[in-house]
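The values are calculated or read from the model by the stated rules, or taken from the named source; none is laboratory data. From a predicted model like this one, the values you see are computed outputs, not experimental measurements. We place every Cβ from the backbone using ideal geometry, glycine too, and count neighbours over all the protein chains shown. Ligands, DNA and RNA are excluded from the accessible area calculation, which covers all protein heavy atoms including side chains. Shrake-Rupley method; radii C 1.70, N 1.55, O 1.52, S 1.80 Å.
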Amino acid sequence: MSEKLIIKGLTKKFSKTEGVENINISVNEHELLTLLGPSGCGKTTILRAIGGFNKIDAGKILLDGQEIQDLPPEKRPTGMVFQSYNLWPHMTVYENMAFGLQIRKHTKAQMKEEIHDMLKLVRMDGTEKKYPAQLSGGQQQRIAIARALVLKPSLLLLDEPFSALDAKIRGQMREELKRIQREAGLTVIFVTHDQEEAMAISDRIAVMRRGFMEQVGNPDEIYDNPKTRFVAEFIGEMNFVEEGGESFAVRPEDITLTVCADGPYQIIQMMSLGHYTQAIVQTPEKKELKVFMEKDVARNYQTGNRVTCTFGKKQNFTDSVA
């Protein structure tokens, strides 16, 4: 698989503690890479640097083998979709999408065909004459994506595009993005702080913290084999256990409970979460562990049960999250 984007030593500092330093990563053709991390970790700084909205202090950005770090945004073969949609309210959907094509001197016939094809791709054909205010948030975001794609960018950049949507629509838009990426053969860099979203849509995830990439890998690698305690805590649920002089981490689904009258642990809460049940178990030291179990298995337990815990896959981390 060929490399679409290569970033070498990218540095952009706003202050001693803000920004990113010596970022090195590549993105393959047709890949969706997610930059994931808490607010202020540098993920949007990287995205805006690729798009030309942040002038970098050092490093190189190569897209399709060409250095682009010194080009203005309009000269870069990238398309950017923002969290706030950025649709012009006084323009129709067609006019919003035609604006960039007009600058590129496309004919009216070309524009009509290209806009129609792109609206069909995002399942918004028939909305050409509508104004943004007449559309829902999810529909506006589809139009924003279509407006970026109609310019045929080599790389699509998405900056937390679904964060303003409610949970159900956000889930639908994730599915739509993967469909659009697949059908259009897109290469995408996606920024989010939502680990569930990252796990759902990504081919690879770069987990960021304080301006650095803690770990890069596919979703299963990140979840099953986190390299640092920060990644372990940030991706999914993780219990940190101290028992018998041993300190280790274990996922809630890797703990098995056995009812035992004199068991050292006690179930203090059971909560159905749809397709699985979560149990909160109190340790002899009065600390709490989360345990996930299938619904059928959970029927054998109830609040107040004394239990033993069998820990499956244990992981050890020496780093601190402070």
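For a straight C-alpha distance cut-off of 17 angstrom, the aspartates and glutamates reachable from K178 (same-chain residues fewer than eight places away being disregarded) are E29, E31, D159, E160, D194, E196, E197, D203. Relative to the longest principal axis of the Cα atoms of the chain, the long axis of helix 108-121 lies at roughly 10 degrees.
In terms of its C-alpha gyration tensor, segment 178-322 has an oblate overall shape, because the principal axis ratio a/c (a ≥ b ≥ c, square roots of the eigenvalues) is not below 1.5 and a/b does not outweigh b/c.
Computing Cα extents along the principal axes in Å directly from the structure and comparing it against (1) 80, 45, 35; (2) 106, 37, 28; (3) 65, 56, 31 singles out (1).
Counted by Cβ distance under 14 Å from N239, the other residues give a net charge of -3, where Lys and Arg count +1 and Asp and Glu count -1.
Amide H contacts of V81 (H built 1.01 Å from N, in plane; Pro and chain starts excluded): L157, L158, D159 sit under 5 Å, all sequence-distant by 5 or more or on other chains. For the chain, the solvent-accessible area works out to 51 Å² per residue, with a probe of 1.4 Å and every protein chain left in place.
What a 1.4 Å probe finds exposed on segment 211-294 is 47% carbon and sulfur by accessible area, rounded to a whole percent. If only the Cβ of Lys and Arg carry +1 and only the Cβ of Asp and Glu carry -1, the dipole of segment 217-279 around its Cα centre is close to 140 debye. Counted over all Cα-Cα pairs of segment 12-63, pairs farther apart than 18 Å make up 30 percent.
What is the local net charge at K290, summed over the other residues whose Cβ is closer than 12 Å to its Cβ (Lys, Arg +1; Asp, Glu -1)? Result for the neighbourhood of K290: -2.
Put simply, the amide H of G263, placed in the peptide plane, has neighbours under 5 Å in V307, leaving out anything fewer than 5 places away on its chain. Taken one residue at a time, the phi angles of segment 47-53 give Karplus couplings (6.51, -1.76, 1.60, θ = phi - 60°) of 4, 5, 5, 5, x, x, 8 Hz. Gly and Pro are set to x.
Only one residue of L149, T92, N239 has its Cα farthest out toward the positive end of the dipole of segment 90-244, where Lys and Arg carry +1 and Asp and Glu -1 on Cβ, and that residue is T92. Using a cutoff of 8 angstrom between alpha carbon atoms and counting only pairs six or more residues apart, the relative contact order for the chain works out to 17 percent. The relative contact order of segment 252-322, computed from alpha carbon pairs under 8 Å that lie at least 6 residues apart in sequence, is 42 percent.
Taking the Cα centre of the chain as origin and assigning +1 to Lys and Arg Cβ atoms and -1 to Asp and Glu Cβ atoms, the resulting dipole is close to 1060 debye. Comparing L273, I255, I189 along the charge dipole axis of segment 179-322, the residue lying farthest to the positive side is L273, per the Cβ-charge model. Highest mean packing first, where packing is the average number of other Cβ atoms within 10 Å per residue, the peptides 5-13, 151-159 line up as 151-159, 5-13.
Checked against a 28 Å cut-off, the cross-linked pairs K75/K112; K8/K75; K129/K152; K60/K105; K43/K168 give Cα-Cα distances beyond that limit for K60/K105. Taking Cα atoms only, the orientation of helix 137-149 departs from the longest principal axis of the chain by about 50 degrees. Amide H contacts of N54: A49, each under 5 Å away and 5 or more positions distant or on a separate chain (H built 1.01 Å from N in the peptide plane; Pro and chain starts excluded).
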